[in-house]
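Working notes, beginning with the structure itself.
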Amino acid sequence: MNATTTPRTTHTVYYDGDCPLCSSEMAFLMRANREGRLGFVDISRPGFDAQALGVPREALMALLHVRDAAGQWLIGVPAIQAVYAATGHRRLAAALEHPVIARLARPAYAWLARNRYHLPRWLLAATHLHTGRCAPDGTCRIRPER
């Protein structure tokens with residue numbers, strides 16, 4: 001399954017669309033992707049072929065993977081930095097390079113990625129508020145629409 005790309009696409013984001021937290025964050029990034037620098041591939045969709053990428057599906061499901069235009073992989077926190085920089089959030093991307101933040105971000109992200117399906121509902125609701133996925137009455141969609 002191919003990502004939707006434009007001539008301006010610099011990175012392809014491979015994400016777990018079945019993960020509520022991941023889907024919420026990707027929805028935010030898709031809206032912020034006004035210049036079309038990111039292409040998005042939901043690796044949870046039927047027909048997705050990880051073998052075609054030469055990366056085990058388990059690895060793709062474990063941490064966020066981003067492939068740049070040169071074919072190089074960015075995984076975990078470097079992938080996060082790339083997608084935020086590509087959508088104009090350069091300060092956030094740069095903050096993740098600060099030595100203290102970087103030292104905390106890598107294990108925190110690894111823990112979050114491992115536990116993303118077991119996060120408390122209040123945290124998921126807070127992320128949906130952040131990305132505009134909650135209705136005015138306070139109800140939030142936990143699973144993205146298909």
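Some points to look at:
- Computed over region 51-95, Kirkwood Rh from alpha-carbon pairs, angstrom: 11.2 Å
- Proximal charge balance of L74 [Cβ under 15 Å; K/R count +1, D/E count -1]: +1
- Estimated inter-spin distance, R90 and Q51, nm [label 7 Å along Cα→Cβ]: 4.3 nm
- Model label points for R8 and A110, set 7 angstrom from Cα along the Cα-to-Cβ axis, are 3.6 nm apart.
- Burial ordering of D18, D49, fewest other beta-carbon atoms within 10 Å first: D49, D18
- With the alpha-carbon atoms of region 11-130 aligned to their principal axes, the span from lowest to highest coordinate is 36, 33, 28 Å, starting with the largest.
Values quoted throughout were computed directly from the atomic coordinates according to the rules given, and no laboratory measurement underlies them. Please read all numbers here as calculations on a predicted model, not as lab measurements. Don't worry about glycine lacking a Cβ; one is built from the backbone with ideal geometry, like all the others, and counts go over all protein chains shown.
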